1. In the neighborhood of TRP53, defined by Cβ-to-Cβ distances under 11 Å, what is the net charge if each Lys or Arg adds +1 and each Asp or Glu adds -1?
2. Under a crude label model (7 Å from the Cα following the beta-carbon direction), how far is ASP25 from GLN49 in nanometres?
Amino acid sequence: MVDWLVAKVLSRRPRAAASDEALFDRARHLGRRFVSGAEPLSVRWVTNQQKRWASCTAETGEIRLSHRLQGVPEWVLDAVLVHELAHLVHPDHSARFHELADRFPRQSEASTFLEGYALGLDAGPRSRPS
């Protein structure tokens, strides 16, 4: 059921499942706008992240986003990208990191969205009311 719903959402919002190249371009745009000094060398979708939304290797400039994010609204995806871009500058969760990440105006709202979205993904079809 979840796969069907995600496919339905993606058919209505084709940009949500953008190519790796489009994702990279989006990250570069967001970096220029919100996280000066962040220069990703690679941004791509991956299917091996089931516990995290995304990850970043600051040493290589590589950002990986879970394919599970392909069904979220664009502003949520942008918040995740800005979060990972901030890790390119501060590879921790320090106050300075949060100052950068929180330049994206809906960062807190996106975190709340993702908490609920994760509950829905983890619940699967078993928990749906009959």
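1. Details: positive: LYS51, ARG52, ARG64, ARG68; negative: GLU84, GLU115.
Cβ neighbours under 11 Å give a net charge of +2.
2. Label-label distance for ASP25 and GLN49, simple model: 2.2 nm.
Every number here is computed from the coordinates shown, using simple stated rules; none is lab data. These figures come from a predicted structure and were not determined experimentally. Cβ atoms come from the backbone with ideal geometry, glycine included; neighbour counts cover every protein chain shown.
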